[in-house]
1. Let me confirm something: among 254, 248, 291, 240, which residue is closer than 17 Å to residue 74 by Cβ and at pLDDT 85 or above?
2. Has the stretch 110-128 got any residue that is more than 27 Å from the chain's Cα centre (by Cα), on the phi > 0 side of the Ramachandran plot and modelled with pLDDT under 85?
3. In this structure, is residue 191 outside any helix (DSSP H, G or I), in contact (Cβ under 8 Å) with a residue 24 or more places away in the chain and in contact with a helix residue (DSSP H, G or I) (Cβ under 8 Å, 6 or more places away or on another chain)?
4. With respect to residue 208, is the statement that it is at pLDDT 90 or above and either within 14 Å of the chain's Cα centre (by Cα) or surrounded by fewer than 24 Cβ atoms within 10 Å (Cβ to Cβ) (or both) true?
5. Taking the stated definitions as given, is residue 184 surrounded by fewer than 20 Cβ atoms within 10 Å (Cβ to Cβ), at pLDDT 90 or above and under 23 Å from residue 80 (Cα atoms)?
6. Which of (1) modelled with pLDDT of 90 or more; (2) more than 22 Å from the chain's Cα centre (by Cα); (3) buried (at least 16 other Cβ atoms within 10 Å of the Cβ) does residue 106 not meet, given it meets every other one?
7. Kindly list the number of the only condition in (1) under 18 Å from residue 180 (Cβ atoms); (2) free of Cβ contacts under 8 Å to residues at least 12 places away in the same chain that fails for residue 81.
């Protein structure tokens, strides 16, 4: 009788499983690669469309447009207003977002922290037009009756509050407050998750050396989450730069460059200007609006690229 060697039953069962696993890896890798390529192609297509449609603006004579402004003169107040409104909103939102994230991650009881986290995340789901209506119907009257007159009377020597104070509340400050509320969930959510990832040993070591809870946060939590907070702030800034309806509803725009945030004369933003003027524009006016959109595209691209660069450093806080 001849006895033939046969592979162990375990090896027989493992072979199909390994082949299936390799096939699944290849499929998943292909899908991921395709998704990445699709995003790049879409981004390139948007940039190409904007450039092609904006090109006639750069070669046309100034007399062919409404007014006598060159493109630089036309876009400069809009670009300033876009950056100014986004900067003010970030200035208002960042400290509050970090404070709320610290409260949720290290101070609040677990049940309260979960509920508060849900409500904060819910702010991101509210449409921007609702924020705009709230800003002009509720926030603007409150600020125009009490806050703006006080700022003019007590801080009017500063160019930011020189006045005359708006009686309608349609100011850059009102728009900035609304934008701050809109970007608050983004910054808070990212900061909260980063703070929660702080190694427990780092916190316990700080407390073991006699630090109070706040000292522990300064020594261990904030340095660890620094890159995450910066990344969240940059993403929030990108959201504020591209906001349209809320700003269009609130602002009383003019073609000026000013840092006064409590008067009725405010620089408009690029996105809001496009939304307001596009339906009534035709011919080269449409191309000029698209050209301003190309400028906004590059600004937001730079902001998000910087945010990604910071995020790529990781949330390990190695630099702190």
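The values are calculated or read from the model by the stated rules, or taken from the named source; none is laboratory data. Computed from a predicted structure; not experimentally measured. In this analysis, Cβ positions are derived from the backbone assuming ideal geometry, glycine residues included, and neighbour counts consider all displayed protein chains.
1. Numbers: 254 fails: at pLDDT 85 or above; 248 fails: closer than 17 Å to residue 74 by Cβ; 240 fails: closer than 17 Å to residue 74 by Cβ.
Matching residue, one of 254, 248, 291, 240: 291.
2. No; the residues of the stretch 110-128 include none that is more than 27 Å from the chain's Cα centre (by Cα), on the phi > 0 side of the Ramachandran plot and modelled with pLDDT under 85.
3. Values: outside any helix (DSSP H, G or I): no; in contact (Cβ under 8 Å) with a residue 24 or more places away in the chain: yes; in contact with a helix residue (DSSP H, G or I) (Cβ under 8 Å, 6 or more places away or on another chain): yes.
It is false that residue 191 is outside any helix (DSSP H, G or I), in contact (Cβ under 8 Å) with a residue 24 or more places away in the chain and in contact with a helix residue (DSSP H, G or I) (Cβ under 8 Å, 6 or more places away or on another chain).
4. On the way: at pLDDT 90 or above: no; either within 14 Å of the chain's Cα centre (by Cα) or surrounded by fewer than 24 Cβ atoms within 10 Å (Cβ to Cβ) (or both): yes.
So residue 208 fails the test.
5. Values: surrounded by fewer than 20 Cβ atoms within 10 Å (Cβ to Cβ): no; at pLDDT 90 or above: yes; under 23 Å from residue 80 (Cα atoms): yes.
Taking the combined requirement at face value, the residue does not satisfy it.
6. Among (1) modelled with pLDDT of 90 or more; (2) more than 22 Å from the chain's Cα centre (by Cα); (3) buried (at least 16 other Cβ atoms within 10 Å of the Cβ), the lone unmet condition for residue 106 is (1).
7. Of everything listed in (1) under 18 Å from residue 180 (Cβ atoms); (2) free of Cβ contacts under 8 Å to residues at least 12 places away in the same chain, residue 81 misses just condition (2).
Every residue, every condition in (1) part of a helix (DSSP H, G or I); (2) crowded, with 17+ Cβ neighbours inside 10 Å, yes or no:
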| residue | (1), (2) |
| --- | --- |
| 112 | yes, no |
| 117 | yes, yes |
| 122 | yes, no |
| 131 | yes, yes |
| 134 | yes, yes |
| 148 | yes, yes |
| 152 | yes, yes |
| 157 | no, no |
| 163 | no, no |
